[in-house]
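Working notes, beginning with the structure itself.
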Amino acid sequence: MKGSDQITVREMLHRAARWFPKNEAAVDAEVRLSYSELLARVQSCAGMYHKFGVRKGDRVALLLYPSAVHTVALFGAIELGALPVALHVREAVATLAAIVRKISPRILVYDAALEPTAQKLLQQCKEITWAVRARSAVTPQLVDGFAPDCEIPRDLDRFTLEVEPMPVYENDPVVIVLSSGTTNIPKGIVHTNRTFMESARGGQYFWNGIRPSDCVINPLSTSFIGWYNLSLPFFNVGAKNVFLEQWDPLRFMDLIERERVTHAILVPTQWRLLFKTGVEGRSFQSLRCAGFAGEVMDQATLQRIRQLICPNVINVYGTTETGSCSAGTVLFAEEMTPERLASVGKPLLNADIRIIRPGGTAEDVLPPGESGEIIIRGPSVAHLVWDDPAVARRIFEGKDPWWHSGDYGHLDDEGYLYIEGRVDDMIISGGINILPSRVEDALLKHPDVAECAVIGVPDPEWGQRVKAFVVSKRQDLTADELDNFLRQSEELSPYQRPRAYEFVTDLPRTSTGKVSRRALREAEAKRNE
């Protein structure tokens, strides 16, 4: 097939602009772009990149908030066949610098609100030869000091795309997405046009259908796969994407009302914050589907969503490596019974799931009810890791790859998936497996435990013993009180109860905000050296 005949992300935007030119495409606090306007700005941005030497296969680093200007910068790179890489705006400079050195981008596009971070990156990373400043709703009015090579959207009118971009093909890389895993430096997961277009189409399945008149609100960080999972299906049909630059429950509700949002998804913590802020007097009549992902939902919050927000609630499980919309799971509203609330559902469109013996291959399948590692196969699963083929061989198995998730879980007799934790978080004490999540769930039922995390620490007799790190709501909470509470609750077997407690003011987290047991293990190991 010729490049122009391929189903690609670049052609997706051109097709939407051709058939739905007047439909609103990208909306934020300051900008409203129709599909024809978005494409025009994207091509101007591509012209700017090309003048600065960007060619097919080059990387473009984006340090931007969710916004229309980010959408322009992203698709501008895709227009040339270059690979955009969205950096996490809250990441430490040292980690960002390590990522930049690994991906070697030609250009850094950054929000002026992040000027200090951008300047440090430019000083430390000589791989970047050009800097482009962007302005959004969160940008300060005055930015002093550093003079970038260009500023967008202000300077876009100066550029035109004077060359015909190189052809792109379905199996060409299109985006590098940084994994939020537990390693110190996030992996660069390489998605192709094929895997992303499968996600764009697969979104139709779990959203129960999307039409050009629909609208999604996207408050997710641009560096997360969730940003693509939300936006691509709606761009693909010519629908409206509304971007929330920073999470704010009040603005989120304002936008749902004002923009007539039809689809919205949050993590359970954000839904709880929404209710804490107060939803009285608000209208959510435009919503046809609400969703959650990333955490287990509690029954009380689910009921409030159903009663006060939208009766059609779904739960989605997916990851950076799977592309999510056509490789992962979904639990639809009609399946979400109280006894199945902890499940993340069944495979998405054309996907498949197996539970295997930890450390085994795709052939080491375990029967329903038995816990093991979750592996996933589907048309949106990636198969490359940027500049790290050894890691790719370890986590992707086979030509039509099974992705080894590192998640620990089981399937019930009806095929519903339950996630129990991480394989590498498993504690083995006296030859018996102990899931940290079960111990944490029991501890969190104590009224004075705000947060907790459980890890295994070395023990000369048992191999490992259970240690709990606890963030307390009161200063005088003691280890004896917690141990007595667990004894009386009888939720844990004696071997599962913590043998040591440490009270802390906070817990280490990954870039996605999840508690990092790995960081706790590493700190504990250093302490005992």
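The values are calculated or read from the model by the stated rules, or taken from the named source; none is laboratory data. Small disclaimer: the values here were computed from a predicted structure and weren't measured. Methodologically, a virtual Cβ is constructed for each residue, glycine included, from the backbone with ideal geometry; neighbour enumeration extends over all protein chains shown.
Here are some notes:
- For segment 174-190, the candidate set comprises residues that are of a type in the set (A, V, I, L, M) and closer than 30 Å to PRO508 by Cβ; within that set, the residue that is surrounded by the fewest Cβ atoms within 10 Å (Cβ to Cβ) is ILE185.
- Checked against the criteria, PRO379 counts as in contact (Cβ under 8 Å) with a residue 60 or more places away in the chain, assigned to a loop (DSSP other than H, G, I, E, B) and not assigned by TED's automatic domain parsing to the domain that holds VAL466.
- The number of residues in segment 417-436 that are small (Gly, Ala, Ser), assigned to a strand (DSSP E or B) and in contact (Cβ under 8 Å) with a residue 24 or more places away in the chain comes to 1.
- Counting the residues of segment 294-309 that are among the aliphatic types (A, V, I, L, M) and either at pLDDT 90 or above or more than 25 Å from TYR418 (Cα to Cα) (or both) gives 4.
For (1) out of contact with any helix residue (DSSP H, G or I) (no Cβ under 6 Å at 6 or more places or on another chain); (2) over 29 Å from HIS14 (Cβ atoms); (3) at pLDDT 95 or above; (4) surrounded by 16 or more Cβ atoms within 10 Å (Cβ to Cβ), each residue gets a yes or a no:
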residue	(1), (2), (3), (4)
PHE234	yes, no, yes, yes
ALA264	yes, no, yes, yes
VAL267	yes, yes, no, yes
PHE284	no, yes, yes, yes
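- Subset of segment 174-190 [at pLDDT 90 or above and among the small types (Gly, Ala, Ser)]: GLY188
- Evaluation of LYS467 against (1) among the basic types (Lys, Arg); (2) closer than 27 Å to SER179 by Cα; (3) touching a residue at least 40 places away in the same chain (Cβ under 8 Å) (one fails), failing number: (2)
- Being modelled with pLDDT of 95 or more, surrounded by 15 or more Cβ atoms within 10 Å (Cβ to Cβ), within 20 Å of ASP387 (Cα to Cα) and of a type outside the set (Gly, Ala, Ser) holds for only one residue in ASN193, ASN171, and it is ASN193.
- Each residue in segment 385-409 was checked for being β-branched (Val, Ile, Thr) and either in a helix (DSSP H, G or I) or within 17 Å of THR361 (Cβ to Cβ) (or both), and 2 of them qualify.
- Leading residue by the ranking (farthest from LEU230 (Cα to Cα)) among those in segment 27-74 that are aromatic (Phe, Trp, Tyr) and crowded, with 24+ Cβ neighbours inside 10 Å: TYR49
- When restricted to residues that are in a loop (DSSP other than H, G, I, E, B) and either over 19 Å from VAL168 (Cβ atoms) or of a type in the set (Phe, Trp, Tyr) (or both), segment 48-79 contains 5.
- Against the test of being among the β-branched types (Val, Ile, Thr) and farther than 19 Å from HIS191 by Cβ, the options VAL69, VAL9 yield a single qualifying residue, VAL69.
- Exactly one residue out of ALA392, ALA342, ALA362, ALA293 is surrounded by fewer than 23 Cβ atoms within 10 Å (Cβ to Cβ), hydrophobic (A, V, I, L, M, F, W, C) and without any contact (Cβ under 8 Å) to a residue 24 or more places away in the chain, and it is ALA392.
- Output for segment 397-428, where each listed residue is out of contact with any helix residue (DSSP H, G or I) (no Cβ under 8 Å at 6 or more places or on another chain), small (Gly, Ala, Ser) and modelled with pLDDT under 95: GLY398, SER405, GLY409
- Among the residues of segment 113-135, those that are of a type in the set (S, T, N, Q) and either outside the structural domain of VAL42 (by TED's automatic domain parsing) or without any contact (Cβ under 8 Å) to a residue 60 or more places away in the chain (or both) comprise THR117, GLN119, GLN123, GLN124.
- Answer residue from segment 486-505, given it is more than 16 Å from ILE427 (Cβ to Cβ) and in contact (Cβ under 8 Å) with a residue 40 or more places away in the chain and is surrounded by the most Cβ atoms within 10 Å (Cβ to Cβ) among those: GLU491
- Any chance ASP364 is among the acidic types (Asp, Glu) and under 22 Å from the mean Cα position of the chain (by Cα): no
- Total residues in segment 196-224 satisfying the condition of being charged (D, E, K, R) and either buried (at least 24 other Cβ atoms within 10 Å of the Cβ) or assigned by TED's automatic domain parsing to the domain that holds ARG15 (or both): the figure is 1.
- Under the condition of being closer than 23 Å to MET426 by Cβ and either at pLDDT below 90 or of a type in the set (Asp, Glu) (or both), the residues counted in segment 465-485 number 1.
- Single residue of segment 429-444 satisfying the filter (aliphatic (A, V, I, L, M) and either in contact with a Cys (Cβ under 8 Å, 6 or more places away or on another chain) or more than 18 Å from VAL344 (Cβ to Cβ) (or both)) that is modelled with the highest pLDDT: LEU443
- Scanning segment 1-47 for residues that are in a helix (DSSP H, G or I), in contact (Cβ under 8 Å) with a residue 24 or more places away in the chain, farther than 13 Å from ILE78 by Cβ and of a type in the set (A, V, I, L, M, F, W, C) yields a total of 2.
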